Each structure stands twice: as C-alpha cells, then as structure tokens.
Amino acid sequence: MRAARLALLCICCVVVVLTAVAAGSPTVSACTSRQVSLHVSAQGENETAAIDFLVTDDRSACRLNGEASLAVVQSGRLISAVRGNPLRQAIDAVIRAGQSSLLIANWENWCGSRTDLRLRATIGSRVTTGRFLNLPVCLYPKKPSRLTKVSQ
C-alpha cells in the first residue's frame, strides 16, 4: 500500500512539473509580412556561385512556414537547362530577431548565355530577386548545369 501511494505521488509530481513547463513555454506566433523581409545573395566561390537565401526579422521571434524556392532566371524566365531549378524546400522554423539563413545552394557549370541572369527567392507570396556577383564557370560544356542544396 505504501509503495502504491509513493508511486501515485511520483506520478502527480511529474504531471505538475510537465504542466508548469508547458505553461511557461511561450507560443510563437506566425510571421507577418511586416515582420519579415527576404534577401538573397550570390557570390563566387571557386568555380560555383554560392547562394544564400536570408530572412530578416526586425521584431520578436515568429514562426515561418511554407515552401521556399530559389530559381535561376534569365530575362525573368526560369532556365530549364539548369538541373534542380527551381530548388524547393519546405520551411517550418522559428525565426529570431536578426538574420536567419533559410536555404543555401550552389550553382555550378553554367555554359549558357551570361546576360540578364538573376536569382529569384520565394516563400509564400513573398518574392525577391538578386544579381549574381560572379557566375559559375563553364568547366564541362557537355554536362548539365546544376543547382543543388548545401547542408546547413
């Protein structure tokens, strides 16, 4: 009987502790369009273009979810000759005040026209574009160009 009371007391203590922890955990609201702005940058790195899709939160933390995509476009049109273009990733993350990297990618082996190339980043209905500071080098003219995700 004493063991049963002790077990019941332990269970009650665990329930109280878990309830207190859950009650003290703040819920994070969804990001609003005023809270978050998108930035995209692409820089040369050896023979590839290193791409970083950033989100900036100017206020408190918020939850950002949806699908993020990065696309290489020429004259506003998606380039189908680039494998993996557009690059897509589901996002469900808490964004803290400051900048957070959503998606990092490499673009390699571009042997096509080098005029009017842009990078388009999208999440939900938000879209931003950026220019390439350096374009990927054409190392293998008979192999396709590729846009690939880099592990974070």
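The values are calculated or read from the model by the stated rules, or taken from the named source; none is laboratory data. Please read all numbers here as calculations on a predicted model, not as lab measurements. Every residue, glycine among them, receives a Cβ derived from its backbone with ideal geometry; neighbour counts consider all protein chains shown.
Just a few scattered comments:
- For the stretch 138-152, the set of residues classified as outside any strand (DSSP E or B) and surrounded by fewer than 15 Cβ atoms within 10 Å (Cβ to Cβ) consists of LEU139, TYR140, PRO141, LYS142, LYS143, PRO144, VAL150, SER151, GLN152, listed by residue number.
- Residue match in the stretch 7-16 (condition: modelled with pLDDT of 85 or more and exposed (fewer than 13 other Cβ atoms within 10 Å of the Cβ)): no
- When ALA93, ALA105 are checked against the criterion of being closer than 18 Å to ILE79 by Cβ, of a type in the set (A, V, I, L, M), in a strand (DSSP E or B) and touching a residue at least 12 places away in the same chain (Cβ under 8 Å), a single residue qualifies: ALA105.
- Residue within the stretch 93-100 that is within 14 Å of the chain's Cα centre (by Cα), of a type outside the set (S, T, N, Q), over 15 Å from ARG146 (Cβ atoms) and surrounded by 17 or more Cβ atoms within 10 Å (Cβ to Cβ) present: yes
- Test: ALA71 is modelled with pLDDT of 85 or more, within 20 Å of LEU38 (Cβ to Cβ), out of contact with any Lys or Arg (no Cβ under 6 Å at 6 or more places or on another chain) and surrounded by 15 or more Cβ atoms within 10 Å (Cβ to Cβ): no
- VAL36 vs. criteria β-branched (Val, Ile, Thr), loosely packed, with under 14 Cβ neighbours inside 10 Å, modelled with pLDDT under 90 and in contact with a strand residue (DSSP E or B) (Cβ under 7 Å, 6 or more places away or on another chain): no
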